[in-house]
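The values are calculated or read from the model by the stated rules, or taken from the named source; none is laboratory data. Just so it is clear, the structure is predicted and the values come from calculations on it, not from any experiment. Note that we place each Cβ from the backbone using ideal geometry, even for glycine, and neighbour counts take in every protein chain shown.
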């Protein structure tokens, strides 16, 4: 499983960080790259402009490419609201796997208001979106993946089941390779 990059994408509040944590618990050889952590370093006072997002996502892809190139397994915990960033990762990282957490905007909003641990994400993101912040799915686009390796209807399965599905895919990929 060396050199794999698993990008977990979905709307804010879809469960990306929770599933990334569960997956890492089961596969401690992977490291997690969280967009929210990277953003704090690259843009300590983020504007969330399209230009800024492009810079930060390109930085994320570069770091993932470097780490996987050194043989590390990486879980990318990032919305990646535009396909172009996820496709850049697919083009640059030979062991790229995209996991799409399919979840309705209504469920994501509800989950986001209930969560206590935001894993470094801004709090009350959907409320901020209603006030004009560019929030994917509200007033910024979220482009669903066209051909992800794994699609998980996160409203229909538990975190454990989602991690099981990803783990099974990894096992099958490792066995086939």
Is at least one residue of region 13-27 under 16 Å from residue 140 (Cβ atoms) and touching a helix residue (DSSP H, G or I) at 6+ places or on another chain (Cβ under 9 Å)? yes
Residue pairs, Cβ under 7 Å, 6 or more apart or interchain, first in region 38-60 and closer than 19 Å to residue 89 by Cβ, second in a loop (DSSP other than H, G, I, E, B). List them. 39/46; 52/43; 52/46; 56/43; 57/80; 60/78
Residue 167 vs. criteria free of Cβ contacts under 8 Å to residues at least 60 places away in the same chain and either assigned to a helix (DSSP H, G or I) or more than 17 Å from the chain's Cα centre (by Cα) (or both): no
Scan region 64-76 residue by residue and report those that are farther than 15 Å from residue 148 by Cβ and touching a helix residue (DSSP H, G or I) at 6+ places or on another chain (Cβ under 7 Å). 64, 65, 74
Which of the numbered conditions does residue 173 fail, given that it passes all the others? Conditions: (1) under 19 Å from the mean Cα position of the chain (by Cα); (2) in a helix (DSSP H, G or I); (3) touching a residue at least 60 places away in the same chain (Cβ under 8 Å). (1)
Within region 31-48, how many residues are under 17 Å from the mean Cα position of the chain (by Cα) and over 13 Å from residue 67 (Cβ atoms)? 7
Restricting the search to region 5-21, which residues are buried (at least 20 other Cβ atoms within 10 Å of the Cβ) and assigned to a helix (DSSP H, G or I)? 16, 17, 18, 19, 20
Can you spot a residue in region 108-120 that is under 27 Å from residue 26 (Cα atoms), exposed (fewer than 15 other Cβ atoms within 10 Å of the Cβ) and in contact with a helix residue (DSSP H, G or I) (Cβ under 7 Å, 6 or more places away or on another chain)? yes
What is the number of the single condition among (1) at pLDDT below 90; (2) in contact with a strand residue (DSSP E or B) (Cβ under 9 Å, 6 or more places away or on another chain) that residue 46 does not meet? (2)
Only one of 87, 106, 149 is more than 19 Å from residue 36 (Cα to Cα) and touching a residue at least 24 places away in the same chain (Cβ under 8 Å). Can you tell me which? 149
